[in-house]
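First comes the structure, then the notes that go with it.
Values in this text are rule-based calculations from the coordinates and carry no lab data. This one's a predicted model, so the numbers in the text were calculated from it and none came from an experiment. With ideal geometry, Cβ positions are generated from the backbone for all residues, glycine too; neighbour counts draw on all protein chains shown.
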Amino acid sequence: MVSDQLIARCLREEPKAQYELYRLLHPLLMGICTRYERNRQDAVARMNQGFLKILTHLADRRPEVPFELWSRRIMINTVIDDHRRQKQRKAHETLEAPPERADLAEVNSYLGHMEVQELERMLERVPAMSRQVFNLFAIDGFPHAEIAGMLGISEGTSKWHVSNARSILQQALARAVAVDRARTPSP
Amino acid sequence: MSEQERFDDLVRRKLEERTFPFAEEDWQGAERLIQAERTRRRRRRFWPFAAALLIGGAGIAYFAVTGKERTLDRSTSAVPMDRTGTHAPLTSAPSAADVTAPAPVPAPGAEATAAPAAEVTRSVAATPIITPEPVSTSTPAAATRPAAAVSRTPSSSLAQGGPERRTPEPVGRHEAPAAPTTTVTEPGRNDADMARIDEHPVTDKEERAPARSTSEAARATQEGRPGTTAVDPAMPTGGAQVTAVPASTMPQPAAAPPHDAQPVVESGAQMLGGTGRTLEPTDRVDSTGTPIEEAVAVDSTLAASGDTAAVPLPLVKPASPWELSAMGGLLWGGGRYSGEPRDLWDADVTTGMGWSAGAEVMHMGRNVGIGTGVHYSTYDERLLALERSLTELDVERFYFLTPVDTTVTLGTDTFSINGQLFHSVISVDTTINVLGVGYDSTTTVTVLRAAREQVNRVSYLEIPLLLDAHLTQGRWMFGLRGGPTLGVLTARRGALPDPSQDGYTDLNDVQFRSLVLGYTARAYIRYRWNSAWSVGLEPVLRGQFGNSLDGELKRRTMAVGVLLSLTYRLR
């Protein structure tokens, strides 16, 4: 929990306070960045950019907005802005049909007890744009209309990316279920 | 909750289980960024300060230099030189206060043709000077009058206008003299000589002679040579129809000029209090009676040199060095963009036509000038962007039945004849449906960015530090003027393609720097139709030194144009 006193000290640009704030926000910001970036190095670089934005816009924050929520939004915006800048999309992009869906009940069951690192690895395999949209929609809770506005795509495209990401994840999970089942001797 | 939503929720929860141990090297990276941002902010604050300092410093330096030159002019020209080249002692000086030259009251029968002096206020800050001759207070300072006349030659800067006749001032006197009783003239020069001088138009070379004669007159006054006649050198003017007037007929001031000068020490030898030194006739004293070692004449309007002592120039205030200009015109140019986002635009930005208007105030010297002003400039550019679209292909699998006409052979019976087994069949022509798999593909073309052709406009209020170099040829003036500018962003309108090629970013959302250093340079030709007003045509080049945007996209503004100007020279 970030105290108002700490924020006030950060507004006075006290290095110690900035360090304290960084420590407090580190898990939150890192959690966001690792979801959007492919490796830790990129995630740290993006997190530091976001933290700088938080510091420089600290004075603009409305006091009624919870600090963590505000920081989270700034961090997501930083990541999205960066992706928009880096994105070199072809003029005519052909999007393939989403892969076949796996058995969801089994997948969900497996998801409940699997290792988080394994899920991270699976997420890395999802194409960047689809992963980004899936993150925004499924994890960060943005509606499709807002995602479309943020990324400059249509709502339909946003839905497609979510569906695509889900399918890829679910297929990967289904394979993992099958492997798991093969390893486990049937009673 | 559907299975899909449950899946999303499970993924979210699973991801929330992650932990990220804090690493000091992560903070070091953030610290570096914070430090860099701090430096950038400091630099951003420094530039306006530096520009203000530059403008202020240049102004102060300019006025310091030109002011010093003017002071030197005064101090060297105010002290007449004698034959040996040394400063002749001043025998009289105007009062310390501003002195209004009294209007001359022509003596009866006076034939001086010079017009009576107009009211001329002169700034005089001289010290009283001891006259060598004891002068009776009851009579006008006839003996000292020539000396006063010598030192009160008009300034050479008063070079315009009609001739002016001035009457000599009684030095250190507050009451008007009734009439001169004694006149002093220059040794070796009689009225005829003076008349000859007066009739002859004075040239630069010839100015030296009367200068010497006035010095001599001053010396004669100091020495107290009798029988000399005072000739007011201020009366004749170069080329003016002025006849030498006998001292007895010279016009006298109607009233003594009011001034706060210390009374003249009229004794040739006077003991200085406390010093034990005797005042010499050439000594001057200040208000406390202390002798002043060097003559300092700072009469700006009188600024009389020994050279021009006999050539009193007309008393017309010189033209002011200040001029005001207003200008307006068209600019062709705009912003040039670079950087990585620009490469992703797939759009062209070409020059547009903007406009500029402004006002300037300049301190103009003979060939150079300095000044400042305010320019309002709009930099326009034309954006040409092609349409960008995204094509989505949605493929769906479906199943269908295909009817196939065929003949089916049906076995109806089996029987045995002589031990052999036979099958009884019939052929039936029928149609069967064959199950097939098909794919429906839906292609959706989403227009990401509509084609656009529009004019972007960015406006700045620019404050320049202007340096000017010019030449004047009759009514024509040719010059170059330019210098650094400090541009303040005032408005922007338009849009830029989004780097992701799927839309446009409003120019108001692009991060422009509010202050930008720039430059302006222009050549001008002006025609002066009277002493104050002139019109000019001025090709101009304007731009900004660096990037006017924050971020990866860079913009550098430049424009050329033509301005029409109207200039008023203060008088």
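Structure notes:
- Label point distance in nm, A:ALA8-A:ASP60, each placed 7 Å from Cα along Cα→Cβ: 2.4
- Near the amide H of A:VAL126, within less than 5 Å, lie no amide hydrogens of residues on another chain or at least 5 residues away, with H placed in the peptide plane.
- Label point at A:ARG181 placed 7 Å out along Cα→Cβ; residues across region B:1-37 whose backbone nitrogen lies under 11 Å: none
- For peptide A:12-24, the mean count of partner chain Cβ atoms within 10 Å of a residue's Cβ comes to 2.
- Rg/Rh ratio calculated on Cα atoms of region A:4-86 (Kirkwood radius): 0.97
- A simple spin-label model places the labels of B:VAL374 and B:ASP413 11.9 nm from each other, with each point 7 Å out along Cα-to-Cβ.
- Chain A: Lys pairs at Cα distance under 27 angstrom, eight or more positions apart or on different chains: 4
- Kirkwood-Stokes translational diffusion coefficient of region B:355-439, alpha-carbon pairs, 10 °C, 1.306 mPa s, µm²/s: 67
- Among the residues of B:30-38, the average count of other protein chain beta-carbon atoms within 10 Å of the residue beta-carbon is 5.
- The packing ranking, built from the mean of other Cβ atoms within 10 Å per residue, places the peptides A:153-162, B:397-406, B:27-36 in the order A:153-162, B:27-36, B:397-406, highest first.
- Rg ratio for region A:104-183: its Cα radius of gyration over 2.2 N^0.38 Å, N being its residue count, equals 1.18.
- Once the gyration tensor of the Cα atoms in region B:390-448 is diagonalised, the equivalent ellipsoid follows with semi-axes of 54, 10, 5 Å, ordered largest first.
- Backbone phi angles across region B:439-452, fed through the Karplus curve with coefficients 6.51, -1.76 and 1.60 (θ = phi - 60°), yield HN-Hα couplings of 10, 9, 10, 10, 9, 10, 9, 9, 6, 7, 9, 6, 5, 8 Hz in residue order; Gly and Pro are listed as x.
- Computed label-point distance, nm, for sites B:VAL445 and B:SER424 using a 7 Å Cα→Cβ extension: 6.8
- For the peptide A:132-142, the mean number of other protein chain Cβ atoms found within 10 angstrom of a residue's Cβ is 2.
- For chain A, built as a Gaussian network whose Cα springs stay under 10 Å, the top-fluctuating residue of A:ARG38, A:ARG84, A:ARG23: A:ARG23
- Residues in region B:385-416 that a label on B:THR431 would reach, taking backbone N under 20 Å of a point 7 Å out along Cα→Cβ: B:399-409
- Between B:PHE478 and B:SER320, full extension at 0.36 nm per residue minus the direct alpha carbon distance yields a gain of 54.9 nm.
- Length gained when the stretch B:THR490-B:GLN454 is fully extended (0.36 nm per residue, less Cα-Cα span): 11.0 nm
- Once the C-beta distance of B:TRP533 and B:LEU386 is scaled by a Förster radius of 56 Å, the resulting FRET efficiency is 0.60 to the nearest 0.05.
- J(HN,Hα) series, region B:403-418, from Karplus relation 6.51 cos²θ - 1.76 cosθ + 1.60, nearest Hz, glycine and proline x: x, 10, 7, 8, 10, 9, 9, 10, x, 9, 7, 9, 9, 10, 10, 6
- Cut-off 11 Å between beta-carbons: net charge of the residues surrounding A:LEU136, Lys and Arg +1, Asp and Glu -1: 0
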